[in-house]
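Below you'll find the structure, written out as structure tokens, and then a few comments.
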Amino acid sequence: MSQPIDTAAGALPSAVAARRRRERLRHGAFYLALLALGLVAPLFVYPVFLMKILCFALFACAFNLLLGYVGLLSFGHAAFLATGGYVTGYLLASHPGLTPELGILAGTLAATVLGALFGVLSIRRQGIYFAMVTLALAQLVFFGYLQAPFTGGEDGLHGVARGELFGVISLRGNLSMYYFVFGVFLLGFLLIWRTVHSPFGQVLKAIRENEPRAVSLGYNADAYKLVAFVISAALAGLAGATKTLVFQLASLTDAHWHMSGEVILMTLLGGVGTLFGPLVGASLVVSLQHMLAQSPLGNWVDVVLGAIFVLCVLSFRSGIVGEAVKLYRKNFK
Amino acid sequence: MNLHKKPLTVAVALVSLAVMASAQAEISDGEVRIGYLADMSGTYRDLGGPGGLAALEMAVADFGGSVNGAPIVVFSADDRNSADVGANTVREWIDQRNVDLVAGLVASSVVIAATRVLEENGGLGIVSGAAASSITNEHCTPNHIHWVYDTYPLANGTAKAIVEQGGDSWFLLTADYAFGHALEADVTKVVEENGGEIVGSVRHPFPTSDFSSYILQAQGSGASIVGLANAGADTVNAITAASQFGLTQSGQQLAGLLVFLNDVHAMGLDDTQGLLLTTGWYWDMDEASREWAQRYFDEVGRMPTMVQAGIYSSTMHYLQAVEAADTDDPATVRATMAEAPIEDFFARNGRIREDGRMVHDMYLAQVKTPEASTGEWDLYEILSTIPAEEAYRPLTESQCKLVNR
């Protein structure tokens, strides 16, 4: 972040202020265009497919908050996704009177608690050790879900009713479900945006860049990291809970360590440490899986994804959005 | 309402009326759409997989490629043995392609998830590959039919025969999901009813490639019979591991509870000779079977498994029902299918019960010795026939919600 520290616009020379304004206008237009795209997309594309993208995008955004802004590589995020999914699924399937938003809330809460637990145990380690501790904990959770009777093990948890939002709006139709998921995604995304652009987010970045210095300035680095970890886990849980509601089932796929790997892939492809990178990465990965699964190349999904990943890491390291931002900065500033 | 001022409303109303009327009596979208969902790349690839798709396409071609003038369209997807992927694919086929029949359906976990989606959306599925008897028991729906076999006759045939031959203490090695659980329950019941006993069991994850620790547990159990309640590549891996650890040399005997023709072919007669198994069909069973199997062999280059033969048989029966009813409406076709008895190269004394179970004669077979075998695919000897009405779980024991008792 090489930009000067943001002070009141009036204190700046007028040319700079005008440029800032133009910049802000451009950003505003960009966000509005994206929002409009999200609103009309289900009229042209299969809504369930879009919902899948949004759920994974939220999951990847949550992961990116940790990797991109705190510099912590968690290899156990599948545990939160699955916990959100299973708790929501179990509650909604076994309590027919429960409304979906309460189910999602419960799932998110469960993931948050698990996140706090994981965080307390793993946050003191860094780098590869942190990744290994989170992976080990996630594998414990996976085994728990494999054996627990309520998850249905390998068969999955079925029969989750989409139900009525607030007891009023039916989510059975794919369109109404889509707009609900879109709303959830926006909420999650805004929370991340707010976190990243708050003083708290600045401290997180400071810790990422140089932890000893942040500590020497008096920040309790472990506490900051823990809070970020818990937020990330909660949002991953929210993504899992929403996903379960969309597909009306929760399965071990979400808890498997492959899922933890997939979210890393999405984030790195899209651009780690950028707000929109995970969204682009998730769209790309989900679309590729979707298109390849029903084509003659079906068995080659993993190979194709692997090849793209290798290409990406070798040729543009900051990911798709990362490169795009670099290009934009070079040409428009 | 003044109708002259609202031409659009009137047009929409008329069109929707017309659509509703045509949906009742004709074939939707002017096409019969069949989606083939199976494991095309993993553990269960060889027993169904691309070979099953070939059988389905053979049935469509033999039927003439169209029903009452409506062309038959076939598409397929790989479920990767994941309930998640399977259910989502079926949902998409219903939403996007208005699929009329979902065929294949191999792994029991995928089937249970997929048939839920079919039930919610009023579709139709024919399950040919899956084994769990719970598919037409506690998981039954009015929207699917279970065709080839299930775990009840497997236990009733193989396990009973082995207990009667004196193998009365069992150790079970079970695949840890719906199919394994159903088979374990059915085998336990049969063994105990016939005076045997289960001395131990262990569940392995699905799929597993390294069976060494499970085989060692089986060896330590002291049971005379080690029952393999798994399928496909899992069974092959378990049998291979057992032979490496000298399980049979130390006096224990293996019982493959679900063994397919391709498994025996892959392992060879030296390792499998004498193995007792229950099958729904065998290519060398009679003239009609041999004739169809030869045609399949000419096309695919392998002899068909019972699953692949069942896919042909069930698709044919489905298409005949669509033709007779002159509609592809799932509920009507399902009812028409149940009216007609099933007698073809695959099924003897076949009929579809109200729980969705297609009952037909099953066979107890034994793998031939290398000396007795006359060719690459001459692998089984049929010992006895289990009559259709005895082979499957009686409706009086059913927990299916569709069965009135």
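In table form, for the structure just shown:
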item	result
Charge dipole (debye, nearest 20) of chain B; +1 at Cβ of Lys and Arg, -1 at Cβ of Asp and Glu	1060 debye
Angle in degrees between helix A:100-122 and the longest Cα principal axis of chain A, rounded to the nearest 10	70 degrees
Calculated log₁₀ intensity ratio I(q)/I(0) where the Debye formula runs over C-alpha points of segment A:195-326, q = 0.10, 0.18 Å⁻¹	-0.44, -1.15
Calculated FRET efficiency for the pair B:SER384/B:ALA324, C-beta based, R₀ 35 Å, to 0.05	0.50
Cα pair distances of segment B:135-251 binned at 10 Å [whole percent]	14, 43, 33, 8, 1
Radius of gyration and Dmax over the Cα atoms of chain B, both given in Å	22.5, 91
Given charges at Cβ of Lys, Arg, Asp, Glu: chain A dipole, positive-most of A:SER122, A:GLN289, A:VAL227	A:VAL227
Segment A:1-146: mean projected area of Cα convex hull, nm²	13.5 nm²
Listed residues B:TRP147, B:GLY167, B:ILE135: farthest to the positive end of the dipole of segment B:120-187 (Cβ charges)	B:TRP147
Between segment A:29-44 and segment B:330-391, the Cα center-to-center distance that results, in Å	55 Å
A:PHE166 paired with B:LYS401, simple spin-label distance in nm, labels 7 Å along Cα-to-beta-carbon	3.1 nm
Helix B:49-63 vs. chain B, principal-axis angle (Cα, 0 to 90°, nearest 10)	50 degrees
Where only C-alpha atoms are counted, convex hull volume of segment A:46-256 per residue in Å³	106 Å³
For B:LEU172, residues with placed amide H under 5 Å, excluding near neighbours	B:GLY200, B:SER201, B:VAL202, B:GLY227
Flagged links, alpha-carbon separation over 32 Å, of A:LYS52/A:LYS205; A:LYS52/A:LYS225; A:LYS205/A:LYS330; A:LYS243/B:LYS189; A:LYS52/B:LYS189	A:LYS243/B:LYS189; A:LYS52/B:LYS189
Calculated FRET efficiency for the pair B:GLU354/B:GLU376, C-beta based, R₀ 51 Å, to 0.05	0.75
Within the protein assembly as shown, percent of DSSP bridges classed antiparallel, to nearest 5	35 percent
When the protein assembly as shown is reduced to its Cα atoms, the Kirkwood hydrodynamic radius in Å	28.2 Å
Cα-only radius of gyration and Dmax that characterise segment A:190-257, units Å	16.0, 49
Estimated FRET transfer efficiency (A:ARG194, A:GLN126; beta-carbon r; R0 30 Å; 0.05)	0.70
Relative contact order %, chain B, counting alpha carbon pairs below 8 Å whose residues are six or more apart	18 percent
Dipole magnitude of chain A, debye to nearest 20 (Cβ charges: Lys/Arg +1, Asp/Glu -1, about Cα centre)	1400 debye
Under 19 Å from B:LYS401, Cα to Cα: aspartates and glutamates that are on another chain or at least 8 residues apart	B:GLU119, B:GLU120, B:GLU138, B:ASP150, B:GLU354, B:ASP355
Assigned charges on the beta-carbon of Lys, Arg, Asp, Glu; the protein assembly as shown dipole about Cα centre (debye)	5500 debye
Most positive-pole-ward Cα, B:PRO387, A:THR112, A:LEU140, against dipole of the protein assembly as shown from beta carbon charges	A:THR112
Label point distance in nm, A:LYS205-A:PHE150, each placed 7 Å from Cα along Cα→Cβ	4.1 nm
Approximate spin-label separation B:SER212-B:THR248, in nm, with each point projected 7 Å along Cα-to-Cβ	2.2 nm
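The numbers here are math on the coordinates, done by the rules we state, and not lab data. Keep in mind that this is a model prediction, so the values were computed, not measured. A quick note on method: Cβ atoms are made from the backbone with ideal geometry, for glycine too, and the neighbour counts reach across all protein chains shown.
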